[in-house]
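The values are calculated or read from the model by the stated rules, or taken from the named source; none is laboratory data. None of the values given here were measured: they were computed from a predicted structure. We place every Cβ from the backbone using ideal geometry, glycine too, and count neighbours over all the protein chains shown. Just the protein is used for accessible areas: all its heavy atoms, side chains included, with ligands, DNA and RNA removed. Shrake-Rupley method; radii C 1.70, N 1.55, O 1.52, S 1.80 Å.
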Amino acid sequence: MVKNQINILDDRSMGWLRYLYRKATTPDNWDRDGQPHPHWDELTGEPMLSWHRFDLVDSSYAVALMSDQTPAWREVHSRILDELVSRHTGWWSASDWLTQFGDDPDRGNYPDRYKRLIPEGLWGEYNVPGWTANGIEPHGVQMDPIAADGNLFYKGFFTLLIGLHRYVSGDEKWNKSFHMIRDGDNSFTWSHSKIAQFLAGQWNNSQMGCHCENTKVWPT
Amino acid sequence: MGEAAWEMLLAGTNVLSGELPEIWKEPGNLTFLLQLAGEHANPDIKYKIWDVCDELLEPTWDYELGEFTLGLGLNEPHPRGQLNARIMAGWVCKRGAWSSIFRQPNFDKFSEPTVVGVDFPSVALRQAYWDGENLHLAVQPQNNAIHGKRTSFRITNLDHGRDWAIEGLDGTLSTMNFEGEDLVVEIEANDHPVVLKPNK
């Protein structure tokens, strides 16, 4: 059967693909002793999204969509997605979780623009969304950003990112064991399926749902 | 539910009047609108929205590199990553295409003829799909200096027991031969659609 499918990517799409390829394949180092290249966005969406990893995840959307329009040519899209996933295994992908311990010591000095994010009556005594509060009760310090009780937004978007890589490339590379964070004792072994199973277990075992930042739960 | 939310959002922006309220000109809000428009708006509505918003996006070309980004009026050394990424996801997204990845994923592509070994970024394929019998391609050059130059790539998953011919409406010349299981094609990078067909 001949499928009726007329897909031609326009100039802007092709231009974005080229830019993103150059961005994703420019070498940098996301380990703790490295530093992401400044073209990775850590500014947008402060205080909740202003972390490099959100640029990785957001960048995957157009790549997956474009590859679905040229399903007979996906090698460049696969390469870009592989670069995005690879960076998401580094320390810098979880730099919020790995540095924001306990209550925010600065929460008495938040700017007024945070008021829409803080429950009325708790101004000055409440951690703004985006402060991950690793170690806060009831969980204690948990250095593995995936095995942690909280940090839903980290592991949820990461499974999506790996899933898009697999969907576009067909490559099971990230479903084999890989090391994350890689910072001395804080090195953790995961695979795509293990992350997904772990996350599913967290959802099944918690009526309220998983904490995103610790003590902050999206209603289900 | 998503469609209803989109309709409410669209009405709230009043963007179809041709004038975007100030609050929606903020880059984060603009990004939200344009990303959702890709998934939810029909093509006419989508392009009306883009017509209103385009100037605010500061579309930017590097013609030598063949790259397109959005400055968003931010005057920053690098295109703002999250905003560019989400806006461009909206740009490339046809209505329902994002949800289709999850509801109707295309797994046939893994066994269908596939192009590999493209000399990217010098050339790219703006069209590459298998219609069940023929492979449709269009080879886009990175810039004017490359336009018309010959390039080669391989096609995998093709029935090598058949004879294949490339047909271009413009008489595009191309050569090809099987190397092992793959068909090696040499073709001009001229942006013209061509079709790889089996000889009957």
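General remarks:
- Separation between Cα centres of the stretch A:98-134 and the stretch A:43-96, rounded to whole Å: 28
- Kirkwood Rh, angstrom, the stretch B:109-198 [1 / mean 1/r, Cα pairs]: 13.0
- Principal-axis analysis of the Cα atoms of chain A puts helix A:152-169 at an angle of about 10° to the longest axis.
- Unit Cα scatterers, Debye sum, chain B: log10 I(q)/I(0) for q = 0.10, 0.11, 0.14, 0.18 Å⁻¹: -0.59, -0.69, -0.95, -1.17
- Accessible-area order (highest first, 1.4 angstrom probe) of the listed residues B:153, A:188: A:188, B:153
- For the stretch A:167-220, trypsin sites (Lys or Arg not before Pro) are listed when DSSP marks them as loop and at most 13 other Cβ atoms sit within 10 Å of their Cβ; the list is A:176.
- Farthest towards the positive end of the charge dipole of the stretch B:109-198, among the residues B:120, B:180, B:156, is the Cα of B:120, using unit charges on the Cβ of Lys, Arg, Asp and Glu.
- Degrees separating the helix B:81-92 axis from the principal Cα axis of chain B, which is the longest one: 70
- Each label point was placed 7 Å from the Cα along the Cα-to-Cβ direction; for residue A:198 and residue B:42 their separation is 4.7 nm.
- Principal-axis tilt of helix A:75-88 within chain A, Cα atoms, nearest 10 degrees: 20
- Loop chymotrypsin sites (Phe, Trp or Tyr not before Pro), the stretch B:2-110 (other Cβ atoms within 10 Å of the site Cβ: 16 or fewer; DSSP): B:63, B:107
- Here, P(r) means the percent of Cα pairs in each 20 Å bin from 0 to the largest distance; for the protein assembly as shown it is 24, 54, 21, 2.
- Distance in nm between pseudo-label sites at residue B:25 and residue A:114 (7 Å out along the Cβ direction from Cα): 3.0
- Applying the Karplus relation 6.51 cos²θ - 1.76 cosθ + 1.60 with θ = phi - 60° to the stretch A:47-53 yields 3J(HN,Hα) values of x, 8, 10, 7, 9, 3, 5 Hz, where x marks Gly and Pro.
- Solvent-accessible area of residue B:19 with every protein chain in place, 1.4 Å probe, in Å² to the nearest 10: 110
- Contact order for the stretch A:1-130, expressed relative to its length and based on alpha carbon pairs under 8 Å spaced 6+ residues apart, stands at 25 percent.
- Net dipole in debye of chain A [+1 Lys, Arg Cβ; -1 Asp, Glu Cβ; about Cα centre; nearest 20]: 820
- Volume per residue of the convex hull around the Cα atoms, evaluated for the stretch B:3-103, comes out as 110 Å³.
- Taking the centroid of alpha carbons for each part, the stretch B:33-84 and the stretch B:9-26 are 16 Å apart.
- Computed from backbone phi with θ = phi - 60° and the Karplus coefficients 6.51, -1.76 and 1.60, the 3J(HN,Hα) list for the stretch A:134-147 is 4, x, 5, 4, x, 8, x, 5, 9, 7, 7, x, 9, 6 Hz; x is used for glycine and proline.
- Gaussian network model of chain A, Cα within-10 Å springs - most flexible of A:145, A:36, A:105: A:105
- Debye intensity ratio I(q)/I(0), log10, chain A, q values 0.08 Å⁻¹ (C-alpha model): -0.33
- Cα-projected label distance for residue B:104 with residue B:178, points at 7 Å along beta-carbon direction, nm: 3.4
- Cα centroid separation - the stretch A:157-177 against the stretch B:125-198, whole Å: 29
- Taking all protein chains as shown and a probe of 1.4 angstrom, residue B:60 keeps an accessible surface of around 50 Å².
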